[in-house]
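K.L.:
Mind having a look at this structure? Questions to follow.
Derivation of every value follows stated rules applied to the coordinates shown; laboratory data play no part. Values in this document were obtained by computation on a predicted structure and should not be read as measured data. Don't worry about glycine lacking a Cβ; one is built from the backbone with ideal geometry, like all the others, and counts go over all protein chains shown.
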Amino acid sequence: MFDWKWNFTFEILPRLLEATLKTLLAAGFGYLIALILGLAFALAQRTPFRLLTHIVREFVEFVRSTPLVLQIFFVFYVGPQFGIRLSPWTSGMIAIGLHYASYLSEVYRAGLDSVPKGQWEACIALNLSVKRTYYKIIIPQAIPTVIPGFGNYLVAIFKDTPMLSVIGVTELFHAATSIGAETYRFLEPYTLVGLIFLAISLPTAMFIRRFEDWMRASLGMKKLYAKD
Amino acid sequence: MQSYVEFLQTYAPRFVDGTLVTLQQAGLGTILAVVIALVMAFMKMSSFFPVRWVGIVYIEIFRGTSLLVQMYWIFFVLPLFGLTLNKFTAGFLAVGLNLGAYGAELVRGGIQSVPRGQYEAAIALNLPPFKRMRRIIFPQALLNMLPPWGNLLIELLKSTALVALISVTDLMFESKMINSTTLLSAQTFGTALIIYYLIARFILTPGMRGLEKRLSRKLSIG
Amino acid sequence: MSSEKFPLVLRGDDVPMVRFDRVTKRYGDLTVLDSLDLDVRTNEMVAIIGPSGSGKTTVLRMLMTLELIDEGVIYVDGKPLTHMGKDGQLVRARKSYLRKMRSNIGMVFQQFNLFPHMTALDNCMEAPVQSLGLSKDEARQRSVELLQMVGLEDKMNQYPARLSGGQQQRVAIARALAMRPKIMLFDEVTSALDPEVIGEVTNVIRKLNNEYNLTMLMVTHQMGFAREISDRVCFFYEGKIAEQGPPDQLFGAPQNERTEAFLSAVLAAD
C-alpha cells in the first residue's frame with residue numbers, strides 16, 4: 001500500500017529540480033509578456049476609437065472565458081495547419097501570455113478606474129501632457145489597487161505551467177509524468193511535484209500579502225489583511 | 001466557409017457528446033465545490049483550534065498546488081492507498097475539491113463583509129450562535145458573495161477541460177480526437193473554444209445574474 | 001485599588017440592579033475603563049455623558065456582553081453577569097449561564113442595526129421566537145403591541161430600507177423591548193439621526209421612562225433631554241467617573257472643573 005522509496009526519491013530529485021527551473025522560467029517569461037500585453041489591452045480599451053475598444057473588449061472576454069489548455073492546443077496546432085511551425089515553448093508562451101494578458105488587462109482597468117475622476121480633470125486643468133498625466137499622476141495612484149491582482153496572477157501563472165506539458169514543454173509536471181511512465185512509480189514523483197509547488201507558491205503568496213500591507217501602510221492606508 | 005459548415009455537420013454529434021460530458025463534470029464539480037466551500041469556510045472560522053487548522057491546511061494545499069497535479073494524484077496515486085476511482089469520478093472530484101478551496105475564501109469573505117452591527121444586534125437579542133448565522137448573517141452574506149461566485153463558476157467550467165488529460169471524453173477530449181484525425185486544428189479547436197465561450201457567456205453569466213436578482217428580491221435588500 | 005474579594009452574590013435590602021465593581025477594560029496599552037465603580041438602582045434612569053474616548057460607550061457594551069472584562073465584576077440584579085460561582089470562587093461563566101443573564105438586558109444602537117432582510121414586524125418577532133421560545137402567535141401579538149406603542153403599527157410590514165432613520169430607530173427600540181428586559185441600554189441612539197426626527201425617538205424614550213418599570217442607561221449628547229429625563233447624570237472622563245449627581249446639580253452647578261469645561265464646550269456648540 002504505502003510504499004515510499006526514499007532512495008528513489010533522491011534519485012529523481014535532481015531531475016525534478018532542474019525541471020523546476022524551466023517552470024520558473026516559463027512562468028516568469030509568460031508573466032512578463034502578460035504584463036506588457038495586458039497594459040496594451042487595457043489602454044486600447046480607453047481610446048476613443050469605438051471599433052478598436054469593442055474588438056479588444058470582445059477578445060479579452062473570449063480569452064478569459066475559455067480554457068487555457070485548449071488555447072495552448074489551438075496555438076500549437078493551428079500554426080502547422082497554415083504552414084507556420086511553432087516550437088512548444090513558443091506556442092506555450094504565446095498562449096499563456098495572451099491568456100494572462102486578458103486577466104491582467106482587467107486588473108489594469110480596475111486600477112485606472114480606481115483613480116478619482118477629479119485627478120484626471122486636474123491634469124487637464126494644469127495642461128499636463130498625456131504622458132506626464134499617466135506617468136506622474138495616474139499610475140502612481142493606481143498601483144496600490146493593482147498590486148493584489150498582479151500578485152495573485154503571478155502565483156496563478158506559476159500553477160498553470162503544468163498545462164504546457166501537454167504540448168511537450170519539459171517543465172516540472174512533464175518531468176514527473178515522464179518519470180512515472182519510465183519507472184511505473186507515481187507516488188514519489190507526483191507527491192514531490194505537489195510539494196515543490198507548495199514550497200514555492202505558499203511563501204510567494206505570503207510575501208505578496210506582506211508586500212501589499214507594507215505598500216498600503218507606506219501610502220497611509222489601513223491594513224488589508226487583519227490578523228486572522 | 002462551406003467546408004466549415006460541412007465540418008460542423010460531420011462532427012456535430014461528437015462535439016455535442018463532449019459538451020454533455022463537460023456539463024456533467026461542471027455540474028457535479030459545482031455541487032462538490034459548494035459543499036466543500038461551505039464546510040471549509042466554517043471550519044476555518046471556528047474558534048476551536050484543531051478544526052480551524054484543518055480548514056486552513058486544506059485551503060492552502062488545494063490553492064497552492066495545480067489542479068492538474070491534484071487530478072493526477074487522485075487518479076494515479078490514490079489507488080496505491082487503496083482508493084481506486086474511475087476517471088470520470090476522479091475528474092470532477094479534483095475539480096470540486098480544488099475550486100471548493102477557492103470558494104471557501106469567497107464564503108468567508110461574504111460572511112465577513114456583513115456589518116459588525118448585525119452581529120451585535122443579534123447578540124443583544126440573545127440569539128443562539130447557530131440561529132444567528134443561519135437567520136441573520138448568512139442570508140446577507142449570500143447576497144454579497146454571489147458576484148464572485150459567478151466568476152468562480154466560469155473558472156470551474158474552464159477547469160473541467162483538464163479532465164481530458166486523464167482521458168475523460170469531454171469536449172476537450174473530443175476536439176483533440178477530431179484534430180488528430182482531420183488535422184483541421186483551427187476549425188476543431190476553434191469550435192470547441194466557441195462552445196465554451198457560449199456556455200460561459202450565455203448560460204452561466206446570465207444565470208448567476210438572475211440568481212442575484214431573485215435572491216435580492218427575496219431578501220428585499222436594496 | 002481595593003483588594004477585597006468579589007462577592008459571589010450581592011445580598012441585602014437595597015441591591016442595585018446594576019453594579020460595576022472595580023471594572024477595568026484595556027485595549028492594548030490604552031486603559032479605557034479604570035477600576036470603575038458604578039451602581040444603578042432599580043428603575044433608575046442614568047444618563048452618561050463625556051468626551052469621546054472617555055469610556056462611556058464601553059460601559060454599555062460591557063453590560064451587553066459585547067466586550068470582555070479585564071478586571072472586576074459586573075453584577076446584574078445581584079448576580080455576576082459574566083462570572084459564576086464555583087467552589088467559592090468567581091470564574092468566567094459558562095455560555096448557558098451567560099445567555100440566561102443576558103436576557104435581562106436590551107440594547108439600542110447608534111446605527112440601529114435592524115436586520116435588512118426582515119420586515120419591522122419580523123425584526124421584533126425574531127428574538128422572542130428564536131431566543132425566548134415563544135410561539136409565533138404570541139410573538140406576533142407582543143410585537144404588534146410594541147410597534148403600536150412606538151407609533152409604527154402601520155409600517156410593520158415594511159422593510160427597513162423603506163423607513164426613515166427615526167422610524168428605524170423606533171423599530172429598534174420595539175425590537176429590544178420584545179425581550180422584556182429589566183435593563184435597557186441606549187448607545188447614542190439619536191447621534192445618527194437627522195435633527196427633525198430626533199424628537200420621535202426621544203418621545204418614545206420619555207414614554208418608556210414614564211410608563212414602564214425599566215432600569216435605563218443612556219449614553220447621549222442630547223444634554224437638554226438628559227437633563228429633563230434622567231434621575232442621575234454621570235460625567236465620564238478618561239475611564240473614570242469624574243462627577244455624578246442629579247441633573248440639575250450637575251448641569252446647573254458642576255463641582256468638577258473638567259465637567260464645567262466639557263459642558264461649556266458642548267452647550268456653546270448648539
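K.L.:
Using a 7 Å offset from the Cα along the Cα-to-Cβ direction at both C:Asp137 and B:Ser47, what is the distance between the two label points in nm, to one decimal?
P.N.:
3.8 nm
K.L.:
What ranking of A:Lys117, B:Lys218 emerges when the number of other C-beta atoms within 10 Å of each C-beta is taken as an exposure proxy, fewest first?
P.N.:
A:Lys117, B:Lys218
K.L.:
Provide, in order from the shortest bin, the percent of all Cα-Cα pairs of the protein assembly as shown in each 20 Å bin, continuing until the bin that contains the maximum pair distance.
P.N.:
In whole percents, the pair-distance histogram is 14, 37, 29, 17, 2, 0.
K.L.:
If you don't mind, another one. Mind listing which GluC sites (Glu not before Pro) in the range C:207-256 are in a DSSP loop and have 15 or fewer other Cβ atoms within 10 Å?
P.N.:
C:Glu238
K.L.:
PRE reach from C:Asp39 (point 7 Å along Cα→Cβ): which of the range C:244-259 fall under 18 Å by backbone N?
P.N.:
Zone members listed by number: C:244-247.
K.L.:
Shifting gears a bit: Using Cα centres only, tell me the gap between the range C:91-128 and the range B:60-128 in whole Å.
P.N.:
Comparing the Cα centres of the range C:91-128 and the range B:60-128, I get a distance of 32 Å.
K.L.:
Of all DSSP beta bridges located in the protein assembly as shown, what percent are antiparallel, nearest 5?
P.N.:
Antiparallel bridges: around 60 percent, rounded to the nearest 5.
K.L.:
While we're looking at this one, here's another question. Simple spin-label model, 7 Å along Cα-to-Cβ: C:Lys86 to C:Asn157 in nm?
P.N.:
Placing both labels 7 Å along Cα→Cβ, they lie 5.1 nm apart.
K.L.:
Once both axes come from the Cα atoms, what is the angle between helix A:50-65 and the longest principal axis of chain A, in degrees from 0 to 90, rounded to 10?
P.N.:
30 degrees
K.L.:
When only C-alpha pairs under 8 Å and at least 6 residues apart count, what is the relative contact order of the range C:116-180, in percent?
P.N.:
49 percent
K.L.:
If I model a spin label as a point 7 Å beyond the Cα along the Cα-Cβ vector, how far apart are those points for C:Ser164 and B:Phe81 in nm?
P.N.:
Result for the modelled spin labels: 6.4 nm.
K.L.:
Please state, as a whole number in µm²/s, the translational diffusion coefficient that the Stokes-Einstein equation yields for the range A:6-218 at 10 °C and 1.306 mPa s, with Rh defined as the Kirkwood radius across alpha carbon pairs.
P.N.:
82 µm²/s
K.L.:
Counting other C-beta atoms within 10 Å, which of C:Cys234, A:Cys123 has the fewest, and how do the rest follow?
P.N.:
Lowest count first: A:Cys123, C:Cys234.
K.L.:
Among C:Asp187, C:Asp122, C:Asp14, which one moves the most in a GNM of chain C with springs linking Cα atoms closer than 10 Å?
P.N.:
Between C:Asp187, C:Asp122, C:Asp14, it is C:Asp14 that shows the largest mean-square fluctuation.
K.L.:
Sticking with this structure for a sec: With springs connecting C-alpha atoms under 10 Å apart, model chain C as a Gaussian network and identify which of C:Gly133, C:Gly106, C:Gly165 has the largest mean-square fluctuation.
P.N.:
Between C:Gly133, C:Gly106, C:Gly165, it is C:Gly133 that shows the largest mean-square fluctuation.
K.L.:
Summing -39500 (n - 2.57) over the DSSP H runs of n ≥ 4 in chain C and dividing by its residue number, what mean residue ellipticity at 222 nm do you reach, to the nearest 500 deg cm²/dmol?
P.N.:
Helix-only estimate at 222 nm: -10500 deg cm²/dmol.
K.L.:
Same structure again: Report the FRET efficiency, 1/(1 + (r/R0)^6), for B:Val54 and B:Phe202, where r is their Cβ-Cβ distance and R0 is 30 Å, rounded to 0.05.
P.N.:
E between B:Val54 and B:Phe202, to the nearest 0.05, is 0.15.
K.L.:
For chain A, what's the relative contact order in percent, using C-alpha pairs closer than 8 Å and at least 6 residues apart?
P.N.:
26 percent
K.L.:
Below 11 angstrom from the Cβ of A:Ser65, what's the summed charge of the other residues (Lys, Arg +1; Asp, Glu -1)?
P.N.:
With Lys, Arg at +1 and Asp, Glu at -1, the neighbours total 0.
K.L.:
Let me check against my output: what whole-number percent is the relative contact order of chain C, with C-alpha pairs under 8 Å and at least 6 apart?
P.N.:
24 percent
K.L.:
Can you give me the Cα centroid spacing of the range B:161-195 and the range C:129-179 in angstrom?
P.N.:
First find each Cα centre; the distance between them is then 61 Å.
K.L.:
Say a site is exposed when it is one of the chymotrypsin sites (Phe, Trp or Tyr not before Pro), sits in a DSSP loop, and has at most 16 other Cβ atoms within 10 Å; what is then the longest site-free stretch of chain A?
P.N.:
A:83-183
K.L.:
If you don't mind, another one. Can you put C:Val144, B:Val5 in order, fewest other beta carbons within 10 Å first?
P.N.:
B:Val5, C:Val144
K.L.:
Report the local net charge at A:Leu112: Lys and Arg +1, Asp and Glu -1, summed over other residues whose C-beta lies under 14 Å from its C-beta.
P.N.:
+1
K.L.:
Also, I was wondering about something else. Enumerate the residues in the range C:71-90 having an amide nitrogen under 15 Å from the point lying 7 Å beyond the Cα of C:Arg26 toward its Cβ.
P.N.:
Within reach of a label on C:Arg26: C:71-72.
K.L.:
Here's something else I'd like to know. So which of A:Lys117/B:Lys158; C:Lys56/C:Lys79; C:Lys182/C:Lys240; C:Lys5/C:Lys25 end up more than 27 Å apart by C-alpha?
P.N.:
A:Lys117/B:Lys158
K.L.:
Where does chain A land at 222 nm, in deg cm²/dmol rounded to the nearest 500, when only DSSP H runs of n ≥ 4 count, each adding -39500 (n - 2.57), divided by all residues?
P.N.:
Mean residue ellipticity, 222 nm, calculated: -26000 deg cm²/dmol.
K.L.:
If one computes the Cα centroid of the range A:3-62 and of the range A:117-193, what distance in Å separates the two points?
P.N.:
6 Å
K.L.:
Could you list log10 I(q)/I(0) for chain B at q = 0.09, 0.10, 0.17 Å⁻¹, which the Debye formula gives when each Cα is one point scatterer?
P.N.:
-0.47, -0.56, -1.18
K.L.:
Now for a separate question. Where both partners of a DSSP beta bridge lie in chain C, what percent of those bridges are antiparallel, to the nearest 5?
P.N.:
60 percent
K.L.:
A further question follows. For chain B, what does the helix formula give at 222 nm: sum of -39500 (n - 2.57) over DSSP H segments with n ≥ 4, over the residue count, nearest 500 deg cm²/dmol?
P.N.:
-25000 deg cm²/dmol
K.L.:
Still on this model: Starting from the amide H of C:Thr119, placed 1.01 Å from N in the peptide plane, find each other amide H under 5 Å away whose residue is 5 or more places distant or on another chain.
P.N.:
When sequence neighbours closer than 5 places are left aside, there are no close amide H contacts.
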